[in-house]
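Read through the structure below, which is laid out as structure tokens, and then see the notes.
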Amino acid sequence: GYWLAIISALTYFGMFDFSLGMSLTHAISSVSREKTKKLNQLINTGLVSLVLLGFLILIAGYLVSFFIDNIFNISSVHKYDIILSFRLLVVGLAISLPFNVFSSILVGFNYLSLEKNIKEGVRFVGILFSIILVVSGFGVIGLAIANLFTIVCTGVILLYYSKFIYFKEFALSFKGFQKSIVKKLLSYGGLFQFGKIANTISYSADTIIIGIFLFGSEITIYTISSKLAILIGIAFMSKLPGAYFPTLSKLFSQKDYNSLRNITKNILS
């Protein structure tokens, strides 16, 4: 229960990426593959920006970790494990931000199925690893280690496919950082930030409230009993916009409004 509570609390830190990943995906999908210089500028600008934001999350998360036990009324018996787990989750979140750039490359190039298969495949291995660690006596710390393992492995594989398979022209360069591109990404990503805030609150607020006013065991009961509604209403439905996004971005950049109308009608149906 406490594990679910600290994960829910950490999702709010995820909003500090200002939807740059989504904005970068849109920007990449709108640029021709032949324009390697422009693509490199976009990718390097996004990468540097997300590294800086990840560093800020790392600092903020470490400071918040000193108050986690008081926020959720965690007993002294579990205090060390929960705080260490929270810090490992913060490290994972900070690392995941720059790794999302390589996810944006694949999705922006319309390799969405490959990107999803990589993420889900590594996630499955991570779940097996977490079970082994928990059974071995690591408890919630084992879950945090498995989460960090999943993030790092996913990022490395995405890096391999984006850099060495589908966009070999990518060259890491701090000179490619452009302030004008940052402003463009933020102005576009800001529109999605409202949706991210709403989704984070709808998905995470309930467990945090239960954790603050009741106990960890109550979170477990609530989570299990509400799984079906959350699966259909949030988890499943939230996947659809992400799946459609790269194609819609490309059609919009090509001003193919007729196709956009037809797809929108189908989505609404």
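The values are calculated or read from the model by the stated rules, or taken from the named source; none is laboratory data. Source: prediction; values computed, not measured. As a convention, Cβ positions derive from the backbone with ideal geometry for all residues, glycine included, and neighbour counts pool all protein chains shown. For accessibility, only protein heavy atoms count, side chains too; no ligands or nucleic acids. Shrake-Rupley method; radii C 1.70, N 1.55, O 1.52, S 1.80 Å.
Here is how the numbers come out for the structure above:
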{"read-out": "Every pair of residues 6+ apart whose Cβ atoms lie under 7 Å, when the first sits in the range 2-30 and is on the phi > 0 side of the Ramachandran plot while the second is polar (S, T, N, Q)", "value": "18/193; 19/193"}
{"read-out": "Among (1) closer than 19 Å to residue 246 by Cβ; (2) open to solvent by 50 Å² or more (accessible area, probe 1.4 Å) - the single one residue 185 does not satisfy", "value": "(2)"}
{"read-out": "Any hit, the range 241-251, residues being without any contact (Cβ under 8 Å) to a residue 12 or more places away in the chain and among the basic types (Lys, Arg)", "value": "no"}
{"read-out": "Residue in the range 95-121 that is farthest from residue 41 (Cα to Cα), counting only those that are aromatic (Phe, Trp, Tyr) and assigned to a helix (DSSP H, G or I)", "value": "99"}
{"read-out": "Tally, over the range 5-51, of residues that are outside any helix (DSSP H, G or I), among the charged types (D, E, K, R) and modelled with pLDDT of 80 or more", "value": "1"}
{"read-out": "Every pair of residues 6+ apart whose Cβ atoms lie under 8 Å, when the first sits in the range 124-144 and is closer than 21 Å to residue 154 by Cα and open to solvent by less than 80 Å² (accessible area, probe 1.4 Å) while the second is of a type outside the set (A, V, I, L, M) and assigned to a loop (DSSP other than H, G, I, E, B)", "value": "142/136"}
{"read-out": "Number of the condition not met by residue 54 [criteria: (1) part of a helix (DSSP H, G or I); (2) out of contact with any Lys or Arg (no Cβ under 7 Å at 6 or more places or on another chain); (3) open to solvent by 10 Å² or more (accessible area, probe 1.4 Å)]", "value": "(3)"}
{"read-out": "Neighbours by Cβ (under 6 Å, 6+ apart or cross-chain): first from the range 159-178, more than 17 Å from residue 49 (Cα to Cα) and open to solvent by 70 Å² or more (accessible area, probe 1.4 Å); second assigned to a helix (DSSP H, G or I) and modelled with pLDDT under 85", "value": "169/36"}
{"read-out": "Meets criteria (surrounded by fewer than 18 Cβ atoms within 10 Å (Cβ to Cβ), of a type outside the set (Gly, Ala, Ser), within 13 Å of the chain's Cα centre (by Cα) and farther than 24 Å from residue 111 by Cβ) for residue 62", "value": "no"}
{"read-out": "Single unsatisfied condition, residue 120 versus (1) modelled with pLDDT of 90 or more; (2) open to solvent by less than 20 Å² (accessible area, probe 1.4 Å)", "value": "(2)"}
{"read-out": "Qualifying residue in the range 236-248 (condition: under 21 Å from the mean Cα position of the chain (by Cα) and open to solvent by 100 Å² or more (accessible area, probe 1.4 Å))", "value": "yes"}
{"read-out": "Within the range 192-269, helices (runs of 4 or more DSSP H) holding 3 or more residues that are among the β-branched types (Val, Ile, Thr)", "value": "216-225, 257-268"}
{"read-out": "Residue check, residue 124 outside any helix (DSSP H, G or I) and of a type outside the set (A, V, I, L, M)", "value": "no"}
{"read-out": "Yes/no for residue 216 being under 17 Å from the mean Cα position of the chain (by Cα), surrounded by 12 or more Cβ atoms within 10 Å (Cβ to Cβ) and of a type in the set (Gly, Ala, Ser)", "value": "no"}
